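Since every read-out is calculated from the coordinates, none of them should be taken as a lab result. Everything numeric here is computed off the predicted structure, so don't read it as measured data. As a convention, Cβ positions derive from the backbone with ideal geometry for all residues, glycine included, and neighbour counts pool all protein chains shown.
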Amino acid sequence: MGDEGKTFPLPSATFAAMSIDYAIFEFINQDLANGFLDWLLPVYREKTTWVPLYGVLIFYVNRTYGLKQTLYFLVAVAIIMGVADQLAASVLKPWIGRIRPCAEPAVADTVRSLVGCGGKLSFPSNHATNHFALAGILALTLFRDKLVFKWIFYAWAASICFAQVYVGKHWPADVVGGGILGLILAYGGILIYRKLVGDDAIKPPRLPRKKVAA
């Protein structure tokens, strides 16, 4: 006899992980629900909301390092971000095939969906991949010697991930997986960027040495 019509139970570890994932989603999406976050987070997670921040960063890079290094840096950022976005959206999502909470028939009626559901595929989150890739790039270049700024941008990326779960677009595992993917691509991309660009790669500016009194 063939396997047609048979059901295959999930391994217990996988079932437990999915149960934890759903419990965390329910806590963020439903138990934490309040009017202020319902108003704030749909806007907060939008890419266009952060255009002024990106403009300030570009202005800072150009002012600090000059046009040539800025152009090399922006090309590297564009390539890394493009690879991250397409790998998540065009390769991993179709391959893994996980369905978004807002499109999953088993739970869609209970999900608080605050923005359009968009495509049905969920893992990994492109928002998480892209924002953690950018945070990783900044941490490895502009803010390599500035611990506070590193954690500010990592916290910013994590808050975008939280927003994606809150508005009903992603499961928690989606944003965790996307964040890890983004950091890996940022690290690998910056290693290649440094190899190719050499002395023109962005490095933290050196502080002038203090003169020692005679």
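Taking the stretch 137-153 as the range and being more than 19 Å from TYR65 (Cβ to Cβ) and of a type outside the set (Val, Ile, Thr) as the test, the residues that pass are LEU147, TRP151.
Inspect the stretch 120-131 for any residue being assigned to a helix (DSSP H, G or I) and of a type in the set (Gly, Ala, Ser) and give the result as yes or no. Yes, because at least one residue in the stretch 120-131 is assigned to a helix (DSSP H, G or I) and of a type in the set (Gly, Ala, Ser). Considering the stretch 107-162, and only residues there that are surrounded by fewer than 18 Cβ atoms within 10 Å (Cβ to Cβ) and of a type in the set (D, E, K, R), the residue that is nearest to GLY97 (Cα to Cα) turns out to be LYS120. Close contacts from the stretch 41-56, counting a first residue that is over 18 Å from MET81 (Cβ atoms) and a second that is of a type in the set (A, V, I, L, M), with Cβ to Cβ under 7 Å and a gap of 6+ residues or different chains, come to LEU41/ALA163; LEU41/VAL167; PRO42/LEU114; PRO42/VAL115; PRO42/VAL167; TYR44/ALA163.
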